[in-house]
Structures are given as C-alpha cells and as structure tokens.
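The values are calculated or read from the model by the stated rules, or taken from the named source; none is laboratory data. Note that the structure is a prediction, hence the values are computed from the model and not measured. Don't worry about glycine lacking a Cβ; one is built from the backbone with ideal geometry, like all the others, and counts go over all protein chains shown. Ligands, DNA and RNA are stripped out before the accessible areas are found, and what is left, the full protein with its side chains, is counted by its heavy atoms. Shrake-Rupley method; radii C 1.70, N 1.55, O 1.52, S 1.80 Å.
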2 protein chains.
Amino acid sequence: MARAVDEGLLAAARLFAGVGRAELHRIAEMARFVSRPAGGEFFAQGDPAAAFFLLIEGRTRIVQITPDGQQVTLRYIAPGEVFGAVPLFAGGPWPATALAVVDSTAARWSREATDRLTAQHPIILSNALAIVGERVREIEDRYRELATERVEQRVAHALLHLANVTEKSPAGAAIDFPISRQDIAELTGTTLHTVSRILSAWEQQGVIESRRMHVRILRPEGVRAIAAEARPEGRSRL
Amino acid sequence: MARAVDEGLLAAARLFAGVGRAELHRIAEMARFVSRPAGGEFFAQGDPAAAFFLLIEGRTRIVQITPDGQQVTLRYIAPGEVFGAVPLFAGGPWPATALAVVDSTAARWSREATDRLTAQHPIILSNALAIVGERVREIEDRYRELATERVEQRVAHALLHLANVTEKSPAGAAIDFPISRQDIAELTGTTLHTVSRILSAWEQQGVIESRRMHVRILRPEGVRAIAAEARPEGRSRL
DNA sequence: TCCTGTCATTGACCTGGAGCAAAGACCTCC
DNA sequence: GGAGGTCTTTGCTCCAGGTCAATGACAGGA
C-alpha cells in the first residue's frame, strides 16, 4: 500500500502546474489515499461533495443514474486526472457516482485541505479554471455528437477516445482496461445490442478486433473514417 | 447608447460577488460596450477567444454549427449572465457562435482587462470557477436528458427552463423573447416538424398557448408532468 | 392591396435503432 | 469436469420520430 503520493505524478498533473517542488511535497502530504476494488465507488450521487480526487492508479468512470435506473457514463478517468472537483467548487451534492472500473487508487483532498491549497497557491485556482473549462468543451462536444450524429459515429468517436488514438498514432491501439458492450452503450447513449451489432460488423471488416470485455482498434483510419462519415447513402446493413 | 455599465447589474452578477462598490466602478470602466441587432453575432465559432462578455440587455444564444450545417443550441443567455468566459480561460478558439436573438447589448472585457481583473481580485477567479462548475452540471444534465429521455420530455424541460418556471411559479409563464419551432428543435436535438406536432397537441390539450414565434405556458404543472413522465415501464435490474 | 418571404401545420412514408427473446461463448469456482 | 454466472451475438418485431412534400397563415414592404 502506497504511503506517499508519487510526486512525479503530482508534478505532471496540470492542476499543480507552476507549483514549486517543495510546495508539491507539502501538498502531497495533505492528501489521503483511497483505494477501491473494481466496482467500488469513490463517491456516490446525492452525497454531499466534500473532497476532490486525483486518480493515481487504475481507471474510474463517472456515472449518472436516472430515476428509472438507467446509467449514463459522463467520462472515464485515467491516472493523473482530477475528478470530483467541479461539485466541490460549485457546491451541492455529487451529481454523479465515481465507480472504479478496475482496482484503483486515488489521492483525496478534503474541502478544508482544498481551501488551504487554493489560498496558498492561487495558481491552482486558475489551473482548475482551465481544466474545468476544457471539461465544458468536451461535454459540449459530446452533447453535439449525441444531438446530430448516428450511433455508429458516436461509437467510433468513443473508441478512438478510449484507445487514445490521436492524429499521430500507431497502427493499432487497444483499450487498456476491461470494457463491456454495455459500458460502451452507456457512454454513447445507446443499447448493448446495438453496440454488439456495430462491433461485429467492424470486426468482420477487419477494422477492430474484439473479445469479451476487450476492444482493440486495428485500423484507426478506418474507425476515424466512420466517425467522420457525413451521410453517404446505402452503407447501412450491419 | 449607454455610456456606462449599470453598476447595479454588475453588483448583481455572481461573477463580481464579494467585490467592493468602488472596485466595481473601476471594473465597469474597463469594459467596452458591444451592441448587436437581432441575428447579429458577438463572436463566431473558430475565431480566437479574446474576451468575455456580460449580457446587459436583450437575449443571446450560444450555437454550435456542425460541418454539415446543422445547428445545435447549447444555451440561451439572459441579462446578467456571463458568456464566452470558458474559452477565454481554457484557451483556444471559440468553440461556438454567440447570436443575438433580439437586439442585444453586452459589456465586453478583453483578455488584458480580464488578466488585470483576476490579478487584482482573486475572488473573481473563485466566482468564475463556481459559475463554470454550475455550467458543467447543467450541460451534463442536458446530456443525460438527451441520452435517456424522449423528445416530448426534452421539449417540456426546455420550455419550463426558457419560461423560468420554478417550483414556486405563477399560473402562467410566457417565453419573453421570440422563438421559433426551429429554435426549440435546435435546443432539444430534434426537428421543427416534431416540435410543431408536439406543441399542437399540447395546445389542443390546453397546457400551452402558441402563436408564431411565441409560446406561453398555461398550465405549468401539466408541462411538468410531461417532463417527469417515466418511460413506458422498463423496470431495469438493480 | 397584393406580393414575397418566413414560419407553422399536417399528412404520408420510411428507417434507425430500441425491445424482446433465445442461444452461444467464456470465466470462475466447486 | 460440471454448474452457474456473466457477457455476447443475432434474428425478429415494432415504433418514435426523421424525412419529404404540400398547404396554410401571417407579416412587412411597395
């Protein structure tokens, strides 16, 4: 069990950009460690927001649960990313639940620690603003996708994002954590059945490779083409 | 033509909460006025973000335009609300366009003015963080709606929001600016045809009253009932 | 008053993808 | 190895809502 935060990770985190090495050490000491097994939760929708987290290891997803039990995944968190900060700053209860996808460990700063942090290092406040601003942009993009694109395109976008496929990417990229059809459906606003059909089709075309709880992109440019696809006729048929 | 910002409005704006009266005066002087006729734009998607705005008068909407020309409305801005701030803090170009719905006037602070502002009044930074945080929450809620609710419910939610219907509301509430079926469609991720059919039905049931470019809610509780309406059965596991 | 442009309504049709159901394919633990 | 649980695949059906098309209702300008 880790006793001290890896300061390298802290230094790499955008939130702490501009903070000195020595200060970083003190900041690290203000954090508490929290570990959750796969499926466990760091915080639950409805509980009062009383801390923010920095994921150290593992993978976590932020999920909203509707009154009738449907789950909507807002985002996946990778190590080095901050989560839970928005509700802390905006006030009110957690609007969503943070679920560990695999065994995960996070550093946790309480509200009091956060207050001291921002008071002593105003730079953190502007960093946070930039980070949250970027989050707004991302979610707005996802909103636009959901409003205008067809399921197939949204799934393509999601896979590219989850597999960290960028402009300059290698030939193949795998999603490096277990993910089910259901998970992808909750992330793209569709059903596991539709996701299954889509992935089957793509696998037959050879653009991806997929086993249970696992997806690997074989031809990123193929997936990217589907994601960008405007509305060419007659290519449906899954 | 207004020469000086109404300081009352500034004082009321959350962004400046906690700033002294005298300081407020100085802040007001740092602003430039911008007026746009109905249909005009304050900034355009793709241009570099170089300022943030506070709407003084009128009504403005933030719209994203997709590569194939579809428009998606992200939000409507009422007087007293800040817009354009997120891209300014997050960096990069405007991710959307700000269109005046009716003749509108805004106060505009340049990037330089903003830098001075936040340097002199760190409180503004935390206010901004809270505001942006709330924006995240709103857009996430809209995202969840789009992913899980049917068109009719989304339109109901949109009308309630645009007409400022709250828990404790009067019997009837009108949307106090001109709005077309197309506008509502762009806000709810559907088509003007579907909106037209829905509004016609509601009008026949007497829950709303609607003329060209105009919608009035007659029975808020009726609209709210539609907004809350659970999906036809579908008891999920869990 | 008519003309023209914008907005709204409605009917008819079609389809993407949700819902349902049943049958594999794996995985883990006795 | 077998049993039971969890994923996945796939065929079939169905319908909400998108698309197409035509008509109607206003409004402002000349």
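Structural remarks
- Filtered residues of the stretch A:40-62 (kept if surrounded by fewer than 21 Cβ atoms within 10 Å (Cβ to Cβ) and either under 15 Å from A:TRP94 (Cα atoms) or touching a helix residue (DSSP H, G or I) at 6+ places or on another chain (Cβ under 6 Å) (or both)): A:GLU41, A:ALA44, A:GLN45, A:GLY46, A:ASP47, A:PRO48, A:ALA49, A:ALA50
- Yes/no for B:SER200 being in a helix (DSSP H, G or I), exposed (fewer than 15 other Cβ atoms within 10 Å of the Cβ) and near DNA strand C (Cβ under 9 Å from one of its atoms): yes
Results for (1) within 15 Å of the chain's Cα centre (by Cα); (2) polar (S, T, N, Q); (3) assigned to a loop (DSSP other than H, G, I, E, B), shown as yes or no for each residue.
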residue	(1), (2), (3)
B:GLN45	no, yes, yes
B:ILE62	yes, no, no
B:GLY69	no, no, yes
B:GLY80	yes, no, yes
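Yes/no matrix, rows are residues, columns are (1) away from chain B (no Cβ under 14 Å); (2) out of contact with any Leu (no Cβ under 6 Å at 6 or more places or on another chain):
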{"residue": "A:GLY91", "(1), (2)": "no, yes"}
{"residue": "A:ALA119", "(1), (2)": "no, yes"}
{"residue": "A:HIS157", "(1), (2)": "no, yes"}
{"residue": "A:HIS161", "(1), (2)": "yes, yes"}
{"residue": "A:ASN164", "(1), (2)": "yes, yes"}
{"residue": "A:LYS168", "(1), (2)": "yes, yes"}
{"residue": "A:ASP176", "(1), (2)": "yes, yes"}
{"residue": "A:ARG181", "(1), (2)": "yes, no"}
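- Restricting the first member to the stretch B:199-222 and to residues that are touching a residue at least 24 places away in the same chain (Cβ under 8 Å) and more than 16 Å from DNA strand D (Cβ to nearest atom), and the second to residues that are polar (S, T, N, Q) and open to solvent by less than 40 Å² (accessible area, probe 1.4 Å), the beta-carbon pairs closer than 8 Å and six or more apart or on different chains are B:PRO220/B:SER169.
- Failed condition for B:GLN153, given (1) away from DNA strand C (no atom under 16 Å from the Cβ); (2) in a helix (DSSP H, G or I); (3) not hydroxyl-bearing (Ser, Thr, Tyr): (1)
- Test: residue in the stretch B:121-135 that is closer than 30 Å to B:VAL207 by Cα and within 10 Å of chain A (Cβ to nearest Cβ): yes
- Single condition B:ASP176 does not satisfy, out of (1) at pLDDT below 95; (2) of a type in the set (Asp, Glu); (3) crowded, with 21+ Cβ neighbours inside 10 Å: (3)
- Conditions (1) under 20 Å from A:VAL101 (Cβ atoms); (2) away from DNA strand C (no atom under 16 Å from the Cβ): number failed by A:VAL207: (1)
- Being out of contact with any helix residue (DSSP H, G or I) (no Cβ under 6 Å at 6 or more places or on another chain), in contact (Cβ under 8 Å) with a residue 60 or more places away in the chain, closer than 22 Å to A:GLN64 by Cα and hydroxyl-bearing (Ser, Thr, Tyr) is a property that does not hold for A:SER180.
- Exactly one residue out of A:ALA98, A:ALA44, A:ALA2, A:ALA51 is among the aliphatic types (A, V, I, L, M) and at pLDDT below 95: that is A:ALA2.
- Within the stretch B:62-105, the residues that satisfy the criterion of being in contact with a Gly (Cβ under 6 Å, 6 or more places away or on another chain) and within 26 Å of A:SER126 (Cβ to Cβ) are B:VAL86, B:PHE89, B:ALA90, B:PRO93.
- In the condition set (1) open to solvent by 20 Å² or more (accessible area, probe 1.4 Å); (2) out of contact with any Pro (no Cβ under 6 Å at 6 or more places or on another chain); (3) not hydroxyl-bearing (Ser, Thr, Tyr), B:ARG137 is compliant with all but (2).
Each row is one residue, and each column tells you yes or no for (1) open to solvent by less than 40 Å² (accessible area, probe 1.4 Å); (2) at pLDDT below 95; (3) over 30 Å from B:GLY133 (Cα atoms).
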| residue | (1), (2), (3) |
| --- | --- |
| A:ARG150 | no, no, no |
| A:ASN164 | no, yes, no |
| A:ARG211 | no, yes, yes |
| A:ILE217 | yes, no, yes |
| A:GLU221 | no, yes, yes |
| A:PRO232 | no, yes, yes |
| A:SER236 | no, yes, yes |
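- Taking the criterion of being out of contact with any strand residue (DSSP E or B) (no Cβ under 9 Å at 6 or more places or on another chain) and at the interface with chain A (Cβ under 7 Å from one of its Cβ atoms), the residues of the stretch B:136-155 that qualify are B:VAL136, B:ARG137, B:LEU146.
- Flag if B:ALA106 is among the small types (Gly, Ala, Ser), more than 23 Å from B:GLY189 (Cβ to Cβ), touching a residue at least 40 places away in the same chain (Cβ under 8 Å) and surrounded by 19 or more Cβ atoms within 10 Å (Cβ to Cβ): yes
- Per the listing A:LEU88, A:LEU117, the residue uniquely touching a strand residue (DSSP E or B) at 6+ places or on another chain (Cβ under 7 Å), in a helix (DSSP H, G or I), surrounded by 21 or more Cβ atoms within 10 Å (Cβ to Cβ) and in contact (Cβ under 8 Å) with a residue 60 or more places away in the chain is A:LEU117.
- Among the residues of the stretch B:148-176, those identified as touching a helix residue (DSSP H, G or I) at 6+ places or on another chain (Cβ under 6 Å) and small (Gly, Ala, Ser) are B:ALA156, B:ALA158, B:SER169.
- Within the stretch B:121-131, the residues that satisfy the criterion of being in contact (Cβ under 8 Å) with a residue 24 or more places away in the chain and open to solvent by 30 Å² or more (accessible area, probe 1.4 Å) are B:ILE123, B:ILE131.
- Scope the stretch A:183-197; condition free of Cβ contacts under 8 Å to residues at least 24 places away in the same chain and either part of a helix (DSSP H, G or I) or acidic (Asp, Glu) (or both); matching residues: A:ALA185, A:LEU192, A:HIS193, A:SER196
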